[in-house]
Structures are given as structure tokens and as C-alpha cells.
Amino acid sequence: MKLKAYVPKETSIYMRYLFQDKGLRGNELLKRFPKYSKATIYRHAKRPIDEVATFDKRKHNKGRSRKLSIREERSIMRHLRICRTTVGSFSASRLRAMAGISPDVSPWCIRKTLNRHGYRYLHSRKKGLVTRKDVARRYRFACKIRRLLPMNFWERGISFYFDGTSFVHKTNPFDQARATQSMAWRRKSEGLAMNCTTKGKKAGVEGRTAHFFVAIAYGKGVVSCDQNSAAEKRAFQEVGAVTFAIPPRSPDLNPIENLFYLVSKQLREDAIDKQITSENFEQFSERVKRTMTNLSIITIDRIIESMNNRVAMIIEKRGQRLKY
């Protein structure tokens, strides 16, 4: 197979000399230059001998001129941090307007600039919103737990974990399970950063919500799952239950929040796998309760056993969000 390669200037002149002065043709030229194709040889051989070698612009072409100056790029990166703090979710067009960039610059150019600096338009982690005061409270709480309480406190010191949650009923779960999630401009390593998370929304297109009050215990799994909050509260008052408070906006310090996440994930997977395209509110409530009570005791025990590791991670990260 002949290679279509770059022909040096000296070789090109030699081809012209053999063809025009010596009268070599066809196979004779191919024998002299076996690594070039016949078309390449004749393209160079037919040029005038005194012609200067053409300049290969492809190797020296700098491409299209920059649309954004260095100052404009700095403005984009500066306003990116401002938008993440004040706006939350925003598009490339909005960032362009806030940075004072001309509308002639396309959003595609803004996105390419962000990509070049390591930012991608990725899903936001639904971890809620925290302030710097919340971060400080979380750090102090973790230090206090580590200093005063025993290692088996989360398994033996707390009888049960109790909390309420809500699940939005959708008449077509299959369609809603495939809906896109909220997005944010962030680096891959910033999934848990303060300005890159989003608060989970309970509002949906259907509007009706199923409320559940759930209690879990170490070694017993789900011990209570009811939609009647008054009955649950009366039962706790009768046994004289004492609450153990955690800092506000700290779902990663409440193991039962992980159970709610597993239930939500299982509900979405069931809607897709079983292609549930129609479901009334009673059927939906029964499916939620069945999914919640069917969670294995081993899974719930592992969640509770991870609490010591969570406390250590909060101390290490000075109160910042965790992956849990």
C-alpha cells in the first residue's frame, strides 16, 4: 500500500528533474520512489523546477480568532462563583448576561470556556441547603459526640430513630421516573460543596402527597410505618420517650434519611422496571409502605453502624457535607 505522506522539498525537486529532464515515466518513477503513490509523484513531477515549495498552512493555522478576551474569561469565572452563591441554578446565557459579555458571544462559547476551566453541567446532589452557621454547629456537635459518648451509642444508646417523610403521588410513575434532575455548573469533585447541592422538592405536577411517619431500630429494622402522626406521638408520650436532637439541616446525621433515599430510589426503579403507567393514590400509598417495610434488617443495621464513621468525617471536614 502506497502512503500519502509529506514530500520533502529536495525529493520534490528530484522528481521534477527525473520527469522533465531525464524523461522517466510510469513504473520507472514508482521504482525510484516506492513509498509515494503515483498521483503524488506526478503532482510534484509536473511542477516547474524553479517553483518554490508551497507553504503548508494546515500546520501553522492558528484557527479562528478568540471570541473572549482574557479579561472577559476572568469575569465569567468571577461571576460563576457569585451565581453559585446567590442564584443557585443558572444557565450559560444568564451567566453571560451577569458577566457583561456581548450577546454576540454564543452560549456554546461560554460553556466551552467553563469546560476548559474544569466545570461541567452535572446533576445536583439533593442534600439541602446549609449556611456557614450550620457548618459550625455540625462541627461542634461532632466533636461533642466524639468526646462524651461511647462508640456503641448509635446502636445501643438510641432505642429507635423516628422521622416523617412525604412521597408525591404521580398518576404516571413511569414517565416521571425518567424526568431529568436539577443541574449545576461544578467540578466533578464538588458534588457536596455548599453551593452545588439542591434542596429536594416535594411539589409535583399531581399535587397529592402521601405522608409517612417511620421508626427504625438497630437489630429490628422498620418497627413502625404509619400515616397517622397523632397516634405515633401518643405512643411515644405513653412510653416516655426522650428525644436526642441533632443540628438543623443535617440529614447525614440521621440514619433514617438514608432509608427514605433507598425507598425513593426503589420506587423509581420499580416504576421503570414494571412500567407502571397508571396508579391511583391508594395503590401508590400501599406500594410505598410495602417498599419501606420490606427493607432488610441488615441494610438498616449497616446504615446505623456507619454513624461513628460519619462523625469522624464531619470532624475531618470541619462540618462540611458528607456523601451520606
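Using a 7 Å offset from Cα along Cα-Cβ at residue 272, what residues in segment 139-178 end up with backbone N under 15 Å from the label point?
173-178
May I ask you to sort 67, 112 by Cβ crowding, counting other Cβ atoms within 10 Å and putting the fewest first?
Details: 67 16, 112 13.
Ranked by crowding around the Cβ, least crowded first: 112, 67.
When ranked by the protection proxy of mean other Cβ atoms within 10 Å per residue, highest first, what sequence do the peptides 159-170, 11-22 form?
In decreasing order of mean packing, 159-170, 11-22 become 159-170, 11-22.
Just add up the charged neighbours of residue 218: K/R +1, D/E -1, any other residue whose Cβ is under 13 Å from the Cβ of residue 218.
So the environment of residue 218 carries a net charge of 0.
With +1 on the Cβ of every Lys and Arg and -1 on the Cβ of every Asp and Glu, and nothing else charged, how large is the dipole of segment 223-324 about its Cα centre, in debye rounded to the nearest 20?
Numbers: 15 positive and 14 negative charges, 93 e Å.
Using only the charged Cβ atoms, the result is roughly 440 debye.
Any read-out appearing in this document is the output of simple, stated calculations on the displayed coordinates, not a laboratory observation. These numbers were taken from a predicted model, which means no experiment stands behind them. Don't worry about glycine lacking a Cβ; one is built from the backbone with ideal geometry, like all the others, and counts go over all protein chains shown.
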